Amino acid sequence: MPENHNGKCKTRRSPYRKKIDELILEGVSSTKIIKEFPELNLNRTNIHNHKNHITLLQNTNDRVNKTIDSLNALDNVIAQSYNNLGKLNTLSPPRAVEVWSNLFLRAIRLKHEITEFKSIEERLEDLLNKIRR
């Protein structure tokens with residue numbers, strides 16, 4: 001079985017991992033990376049597979065950050081809607097009550113859908129564990 005499939009990726013285990021990660025992210029070619037670390041006995045497949053791991057991790061981090069931004073925006077909508085609902089009274093136009101109530105409930109529902117099965121941290125941990133394997 002290839003090394004990268006059983007959790008023994010040469011690049012991941014390397015004491016130079018951070019430097020290799022930086023070089024990959026800077027777009028340095030596999031050939032140059034291999035030449036820079038001859039003691040690791042790396043090959044193009046090692047670098048390619050590690051690049052895929054880094055890309056997956058970056059994409060996962062980007063998705064998590066976007067989800068967190070969305071949740072923060074929903075929290076703001078919920079707070080603002082709740083605040084505005086609290087200001088309404090029996091003399092307020094019925095349409096205003098309807099609009100703010102609907103917005104409040106829709107934001108809560110959407111937030112619940114986003115976080116329904118697992119927390120963001122649990123989802124991220126699951127993804128990171130898959131990458132580490």
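The values are calculated or read from the model by the stated rules, or taken from the named source; none is laboratory data. A quick note: this is a predicted structure, and the numbers were derived from the prediction, not measured. Quick reminder, even Gly has a Cβ in these numbers, built from the backbone with ideal geometry, and neighbours come from all protein chains shown.
The set of residues in the stretch 53-94 that are within 22 Å of SER29 (Cβ to Cβ) and surrounded by 13 or more Cβ atoms within 10 Å (Cβ to Cβ) comprises HIS53, ILE54, LEU56, LEU57. Scanning the stretch 28-51 for residues that are without any contact (Cβ under 8 Å) to a residue 24 or more places away in the chain and basic (Lys, Arg) yields LYS32, LYS35, ARG44.
A search for C-beta distances below 7 Å between a residue of the stretch 119-133 that is modelled with pLDDT of 70 or more and any residue that is among the hydrophobic types (A, V, I, L, M, F, W, C) and surrounded by 11 or more Cβ atoms within 10 Å (Cβ to Cβ), counting only pairs 6+ apart in sequence or on different chains, returns LEU124/VAL64; ILE131/LEU56; ILE131/LEU57.
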